[in-house]
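One structure below.
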Amino acid sequence: MQRRTFLRIPPALTILSACSKSPRKIRLALNWKPDPQFGGFYAAPYQKHGLAVEILPGGAGTPTVQMVGAGSTEFGIVSADELVIARTQGNDVVALFAVYQTNPQGIMAHASRKLSSLADVLQGGTLAIQRGLPYARLLEKKYGFAKVKVVPSPGGDISVFLTDPNFAQQCFIVSEPLTAKHKGADVQAFSVADAGYNPYTTVLATSGESLRKDPERAKAMVAAVREGWRAYLDDPKPTNQRMNQLNPTMPAEVFAEVAEAQKTLIETDESRHNGLGSMTQERWQTLIAELLELGDIRGAPAAADCFRSL
């Protein structure tokens, strides 16, 4: 879900490392606030790999793919579909590590409506969604929006959802629904992956120019991130405590529940075989074909140019 806006970054958010040589100072721009979808990035042993990483939290609207392409940050978190679109617009951004192997984006609705599918969600009530998103256009093309009132997405704000039983909104299926349940709502969440749209997301990206100039830095970053995700999946508690201090709007118990719920979306049979964060050319080719069909891109970038395996 594209939920971004710039936040002021206090010095306390800087992750510094030290080693016998001067650490390589780099920035990592997130596309949302500190929460479990970024757990492995906060748990990563950057110092071990000779890096000093400043993590820049984001929010609804943070243009991380543009930031990476412009060189205002060395690394950023993007979604695979926005990366493909950016490449067709001349932005040479390259994916290095994909956290979510199964896309966590979806729509949440009240269980009292007794819906059984995404198609049912679109048969009435109100839907809050960012219509510029590829998956929003896919849903409109596949099911139609004629019977539902479409309003702008509130980002991660669920206050309207809690007060309107006929209100549905876009979400991360492992995040906002759990928050809503903690506030007393009975929630159903429907994954867009189940509707056939399953691009990688929470993807670590860098610019092609940066990758060509300093491939060793990219390799070190990926190695640190892979170790971080392994550590976070094995024991999220210490990193959750740290992120909760940076993002106290998410209760500690929700941090723990989201961290557990997202595991099956991060570790799949494919990633167990190929390694955490791994990507395949076939998945990128499928995504490119879908974006062509939706009209999001006019030409097809080479799938092999969209990512690197380091």
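Summary of values
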| read-out | value |
| --- | --- |
| Unmet criterion (only one of (1) among the small types (Gly, Ala, Ser); (2) in a loop (DSSP other than H, G, I, E, B); (3) crowded, with 16+ Cβ neighbours inside 10 Å) for Gly184 | (3) |
| Residue under evaluation Ala136, criteria (1) over 17 Å from the mean Cα position of the chain (by Cα); (2) closer than 24 Å to Ala98 by Cα; (3) modelled with pLDDT of 95 or more, criterion not met | (1) |
| Flag for Met279 being modelled with pLDDT under 95, within 23 Å of Gly106 (Cβ to Cβ) and hydrophobic (A, V, I, L, M, F, W, C) | no |
| Residue check, Lys149 assigned by TED's automatic domain parsing to the domain that holds Gly76, surrounded by fewer than 22 Cβ atoms within 10 Å (Cβ to Cβ) and closer than 27 Å to Thr62 by Cα | no |
| Selected residue [charged (D, E, K, R), surrounded by 14 or more Cβ atoms within 10 Å (Cβ to Cβ) and assigned to a helix (DSSP H, G or I)] from Lys141, Lys219 | Lys219 |
| Residue among Lys147, Lys141 that is in contact (Cβ under 8 Å) with a residue 12 or more places away in the chain, of a type outside the set (Ser, Thr, Tyr) and within 30 Å of Asp305 (Cα to Cα) | Lys141 |
| Among the candidates Asp157, Asp194, residue that is among the acidic types (Asp, Glu) and part of a loop (DSSP other than H, G, I, E, B) | Asp157 |
| Number of the exception - Ala29 against (1) at pLDDT 85 or above; (2) more than 19 Å from Ala220 (Cβ to Cβ) | (2) |
| Hey, Gly61 at positive phi and modelled with pLDDT under 95 or not | yes |
| Number of the condition not met by Leu122 [criteria: (1) farther than 21 Å from Leu178 by Cβ; (2) under 16 Å from the mean Cα position of the chain (by Cα)] | (2) |
| Selected residue (criterion: farthest from His182 (Cα to Cα)) from residues of region 232-270 that are hydroxyl-bearing (Ser, Thr, Tyr) and at pLDDT 95 or above | Thr268 |
| Selected residue (criterion: nearest to Tyr46 (Cα to Cα)) from residues of region 197-216 that are touching a strand residue (DSSP E or B) at 6+ places or on another chain (Cβ under 8 Å) and assigned to a helix (DSSP H, G or I) | Leu211 |
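The values are calculated or read from the model by the stated rules, or taken from the named source; none is laboratory data. Quick caveat, the model's predicted, so the values are computed rather than measured. Note that we place each Cβ from the backbone using ideal geometry, even for glycine, and neighbour counts take in every protein chain shown.
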